[in-house]
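Shown next, in structure tokens, is the structure this report addresses.
The values are calculated or read from the model by the stated rules, or taken from the named source; none is laboratory data. For clarity, every value in this text was computed on a predicted model and none was experimentally measured. Here the Cβ is made from the backbone with ideal geometry for all residues, glycine too, and neighbour counts use every protein chain on show. To get the accessible areas, we keep the full protein, side chains included, count just its heavy atoms, and leave off ligands, DNA and RNA. Shrake-Rupley method; radii C 1.70, N 1.55, O 1.52, S 1.80 Å.
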Amino acid sequence: MEYLRTLKPIFTVTQHWSPLSRIQARYCSKLASAVDTVREKKKTVDKFKSRLSSGPSFQDFIKGLPANRSCAADEEPSENHDYLSEGLLMGNSRKVYFETYGCQMNVNDTEIAWSILQKKGYQRTAHLSEADVVLLVTCSVREKAEQTIWNRLQQLTAMKRKRLKTHTPMKIGILGCMAERLKMELLEREKLVDVLAGPDAYRDLPRLLAVSDGGQQACNVLLSLEETYADVMPVHHAPRGHSAFVSIMRGCDNMCSYCIVPFTRGRERSRPVRSILEEVRMLSDQGVKEVTLLGQNVNSYRDTSEEQFCGSDTTKLSRGFKTIYQTKRGGLRFSDLLDQVSRIDPDVRIRFTSPHPKDFPDEVLHLIAERGNICKQIHLPAQSGSSRVLKAMRRGYTREAYLDLVRNIKQIIPDVSLSSDFISGFCGETEDDHQQTLSLIREVGYNVGFLFAYSMRKKTHAFHRLQDDVPVEVKQRRLEECITVFREEAERVNAALIGSTQLVLVEGESKRSAEDLCGRTDGNMKVIFPKEDVHVQPTAFSTLPISAGDYVLVKILSANSQSLRGRALSLSSLRAREVHCRTPPEDQRDEHVAQTQP
């Protein structure tokens with residue numbers, strides 16, 4: 001109030017307002033001048049409108065559209081871009097170079113994008129120096145992944161500037177999750193990018209590239225509720241191991257509080273089963289020996305494309321699990337798809353990733369146990385061992401429910417191999433929460449793991465509602481402790497396989513030695529063994545060299561946390577696996593451990 005009282009005299013002085021008439025006169029003079037200016041502007045606008053009314057109509061700018069045609073509200077939008085001739089959409093043998101970052105879904109997206117461009121006359125090159133178009137298929141799950149792309153863009157832009165002097169201009173495009181999440185920043189930051197295409201916009205790539213040829217930046221990051229690319233047959237590239245990825249669904253509805261995927265990939269939608277079966281049959285005919293079914297939440301697959309699939313039965317979840325969304329009804333479920341896919345070729349291995357623990361009802365587990373070509377390996381992302389943190393993550397289960405599911409899986413599939421994901425340093429994680437995560441890792445016994453420090457993502461529930469309050473150095477220390485415990489347990493789990501005979505699908509030469517071959521077991525463990533001729537069958541005398549794509553019986557002689565080592569015995573097949581691949585009794589296993597050097 002003292003401050004207000006000191007201001008009062010300012011407002012009570014009257015002599016400053018006495019010459020009001022003079023001020024008013026000057027104001028009126030200016031107002032009259034302003035009115036004249038407004039009248040002049042109005043005349044100019046009216047004259048321009050008159051000229052426009054006699055000019056061409058909107059229809060005159062649309063190629064081939066009759067002047068009297070009107071567009072119905074319910075008319076399906078055409079994929080044809082009439083303002084661009086078909087010639088402009090063609091690649092004309094321009095060379096495309098792909099770089100793929102992140103998960104297996106991005107590998108599949110690369111194959112879809114390439115299939116679309118190939119049909120338009122583009123050529124693919126494995127050499128960056130030859131490329132006319134460079135497309136980066138990107139990941140946004142963690143900040144580190146995005147920073148890798150920013151650094152790469154700087155390198156490519158420098159190369160592009162050099163190319164301007166000697167070659168045709170090189171176009172740079174960002175595809176996938178990062179295009180969706182950072183569209184404006186990618187377009188504006190130093191003008192590094194010519195083309196942006198989100199995960200649901202790959203069909204639009206030919207148009208986007210044509211627009212960029214005119215010197216403009218081109219962008220389409222619209223998400224779709226229907227797009228599954230069911231009618232686009234990916235061009236598979238499987239140089240190692242004769243393996244292929246097949247996308248069965250896209251998007252995610254789980255809305256875990258830390259996860260950006262629902263915002264970059266959109267809502268869940270499943271590809272029609274007939275399209276999936278057609279692709280798997282084609283791959284089998286091409287000699288592919290392993291197919292991995294892909295999806296952001298692969299085991300929530302639900303095909304409602306045909307009327308007979310649309311029943312009223314509710315989706316079954318793992319016992320003790322729940323969702324944040326309403327229970328879904330009807331549709332052909334994951335167990336139905338897995339059953340049909342596994343029947344196509346008994347000598348083609350079937351894997352799937354990445355699942356959510358909530359979608360493992362007993363019928364899925366029994367099918368895995370019974371069907372010889374479905375791998376006895378399950379990825380079971382836990383993310384944390386603390387029920388309190390799991391609740392903050394909105395995972396839909398407790399520590400106890402997760403461990404009950406693990407016990408159920410091991411009971412139904414005794415020889416199962418388990419892998420998992422863990423996040424260290426999530427919002428509000430205490431030291432006790434961290435210790436619970438370490439104890440869960442020890443209790444379950446995984447042989448493969450993917451562990452990361454928490455990285456907050458914009459748009460997520462955590463970004464809006466939680467505090468990223470765990471210091472970076474604490475996150476890193478906890479991550480290192482998780483990795484140490486994980487490796488200890490993985491080494492223990494893998495050591496149990498010493499002395500056993502494993503069926504290995506050969507991928508090719510080992511990266512570390514041309515004298516060795518490498519491949520993977522049914523449990524997805526890497527096996528390294530000497531490159532030497534083997535018997536055609538266990539009881540045969542004739543021998544043959546081993547090639548990529550062969551199934552080989554390998555005797556396991558040593559193990560560490562990351563791989564197994566052994567010696568090839570003979571060629572084999574999936575149908576013969578049950579006869580030859582058995583874990584040795586405890587006494588024989590100890591003998592092999594004693595005889596094997598670490």
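Comparison of Pro346, Pro355 shows that the only residue that is part of a loop (DSSP other than H, G, I, E, B) and either within 23 Å of the chain's Cα centre (by Cα) or buried (at least 21 other Cβ atoms within 10 Å of the Cβ) (or both) is Pro355. Filter region 510-522 down to the residues that are in a strand (DSSP E or B) and farther than 16 Å from Val534 by Cβ and list them by number. Once the filter is applied, which keeps residues that are in a strand (DSSP E or B) and farther than 16 Å from Val534 by Cβ, region 510-522 yields only Arg520. Do the conditions hold for Thr304, that is, is it open to solvent by 30 Å² or more (accessible area, probe 1.4 Å), over 18 Å from Asp421 (Cα atoms), free of Cβ contacts under 8 Å to residues at least 24 places away in the same chain and hydroxyl-bearing (Ser, Thr, Tyr)? No; evaluated as a whole, the condition is false for this residue. Only one of the numbered conditions (1) surrounded by fewer than 22 Cβ atoms within 10 Å (Cβ to Cβ); (2) closer than 24 Å to Tyr325 by Cα is violated by Phe426, and that is (1). The set of residues from region 309-331 being of a type outside the set (Val, Ile, Thr) and open to solvent by 80 Å² or more (accessible area, probe 1.4 Å) comprises Ser312, Asp313, Lys316, Arg319, Lys322, Gln326, Arg329. Filtering region 134-152 to residues that are hydrophobic (A, V, I, L, M, F, W, C), outside any loop (DSSP other than H, G, I, E, B) and modelled with pLDDT under 95 leaves Ala145, Ile149, Trp150. Restricting attention to region 124-140, the residues that are open to solvent by 80 Å² or more (accessible area, probe 1.4 Å) and under 17 Å from Val193 (Cβ atoms) add up to 0.
Scanning region 486-519 for residues that are of a type in the set (A, V, I, L, M), within 30 Å of Glu429 (Cβ to Cβ) and open to solvent by 10 Å² or more (accessible area, probe 1.4 Å) yields a single hit, Val493. Quickly run through region 437-453 and pick out the residues that are crowded, with 20+ Cβ neighbours inside 10 Å and of a type outside the set (Val, Ile, Thr). Leu440, Tyr446, Asn447, Gly449, Ala453 - these are the residues of region 437-453 that are crowded, with 20+ Cβ neighbours inside 10 Å and of a type outside the set (Val, Ile, Thr).
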